[in-house]
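One structure is given here, and the rest of the page talks about it.
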Amino acid sequence: MAQFEVTLAGFGGQGIMTAGQLLAYTGIEEKKQVVWLPSYGPEMRGGTAYCTVVISDTRIGSPIINNPTAACVFNRPSFDKFSPRVKPGGLLLVNSSLIDVTTDRTDITELLIPANKIALDAGNARVANIVILGAFIGASKIVSYEKTVEVIRSKLGRKKEMLDINLNVLEKGFKLALDIMKKAGKKEKA
């Protein structure tokens, strides 16, 4: 890996920033160069929100990324805005619980992740962001699953019940992405 950029996007209140921060913290724990750059719409909760996380083995030249290696989109406006921007050969993770369309691009890998359904089935609709985070890690292998678990325990571990739900959905998202990639014939990176 030289440099990997991911944009996470949705509306305020979906945990976009939290998912991005957890990814950034995990990269830092793995001794990588990391930039986390948030962007909020003027409305805050309910408005548009996105963040970009850049993870690299070498120094990062700029945190401003117009064409990320991957995008994780949580709602339809984010899908419309960011799916065309993913670099060819990149990843697009779509919260298929809220987005009922797919891209017609054939030069990227698209994963449909029913994040809200998985979160509701686990007992808390607010953890859909952790489902997508797990799926992203499973699909990209940019940081390790085990280190992500450690970071979640450290950052979100105050309430045992919520920690258990977060770790449960992280694993579900991770395994779902691995299964999708395997069925699509994508080689797993070690």
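The values are calculated or read from the model by the stated rules, or taken from the named source; none is laboratory data. Only a predicted model underlies this, so the values are computations on that prediction, with no experimental measurement involved. Methodologically, a virtual Cβ is constructed for each residue, glycine included, from the backbone with ideal geometry; neighbour enumeration extends over all protein chains shown.
Per the listing 179, 107, the residue uniquely exposed (fewer than 15 other Cβ atoms within 10 Å of the Cβ), of a type in the set (Asp, Glu) and outside any helix (DSSP H, G or I) is 107. Residue-level check: of (1) assigned to a loop (DSSP other than H, G, I, E, B); (2) of a type in the set (Val, Ile, Thr); (3) within 26 Å of residue 31 (Cβ to Cβ), residue 102 misses just (3).
May I ask you to verify whether residue 170 is within 24 Å of residue 2 (Cβ to Cβ), buried (at least 17 other Cβ atoms within 10 Å of the Cβ) and either more than 14 Å from the chain's Cα centre (by Cα) or at pLDDT 95 or above (or both)? In short, no. Suppose the filter is assigned to a strand (DSSP E or B), in contact with a Phe, Trp or Tyr (Cβ under 6 Å, 6 or more places away or on another chain) and either hydrophobic (A, V, I, L, M, F, W, C) or free of Cβ contacts under 8 Å to residues at least 24 places away in the same chain (or both); does residue 94 pass it? No. Taking residues in segment 66-88 that are in contact (Cβ under 8 Å) with a residue 12 or more places away in the chain and over 9 Å from residue 6 (Cα atoms), and partners anywhere that are acidic (Asp, Glu) and in a helix (DSSP H, G or I), the pairs with Cβ atoms closer than 9 Å and at least 6 places apart or on different chains are 73/80. Only one entry of 49, 122 meets the criterion of being farther than 26 Å from residue 182 by Cα and not hydroxyl-bearing (Ser, Thr, Tyr), and that entry is 49. It is to be established whether one or more residues within segment 128-137 are more than 22 Å from residue 80 (Cβ to Cβ), out of contact with any helix residue (DSSP H, G or I) (no Cβ under 7 Å at 6 or more places or on another chain) and in contact (Cβ under 8 Å) with a residue 60 or more places away in the chain. Checked against the condition, which is being more than 22 Å from residue 80 (Cβ to Cβ), out of contact with any helix residue (DSSP H, G or I) (no Cβ under 7 Å at 6 or more places or on another chain) and in contact (Cβ under 8 Å) with a residue 60 or more places away in the chain, segment 128-137 yields no hits at all. For beta carbons closer than 8 Å, sequence separation of 6+ or different chains, a first residue in segment 1-23 that is surrounded by 21 or more Cβ atoms within 10 Å (Cβ to Cβ) and among the aromatic types (Phe, Trp, Tyr) and a second that is part of a strand (DSSP E or B) and at pLDDT 95 or above, the qualifying pairs are 4/54; 4/55; 4/56; 4/70. Here residue 28 meets the list (1) more than 19 Å from residue 144 (Cα to Cα); (2) without any contact (Cβ under 8 Å) to a residue 12 or more places away in the chain almost entirely, failing just condition (1). Residue count for segment 1-56 satisfying the condition of being under 13 Å from the mean Cα position of the chain (by Cα), modelled with pLDDT of 95 or more and among the polar types (S, T, N, Q): 5.
Any residue in segment 116-124 that is modelled with pLDDT of 95 or more and within 26 Å of residue 55 (Cα to Cα)? No, segment 116-124 contains no residue that is modelled with pLDDT of 95 or more and within 26 Å of residue 55 (Cα to Cα). Only one entry in 107, 100, 164 is touching a Pro at 6+ places or on another chain (Cβ under 9 Å) and either in contact (Cβ under 8 Å) with a residue 60 or more places away in the chain or charged (D, E, K, R) (or both), namely 107.
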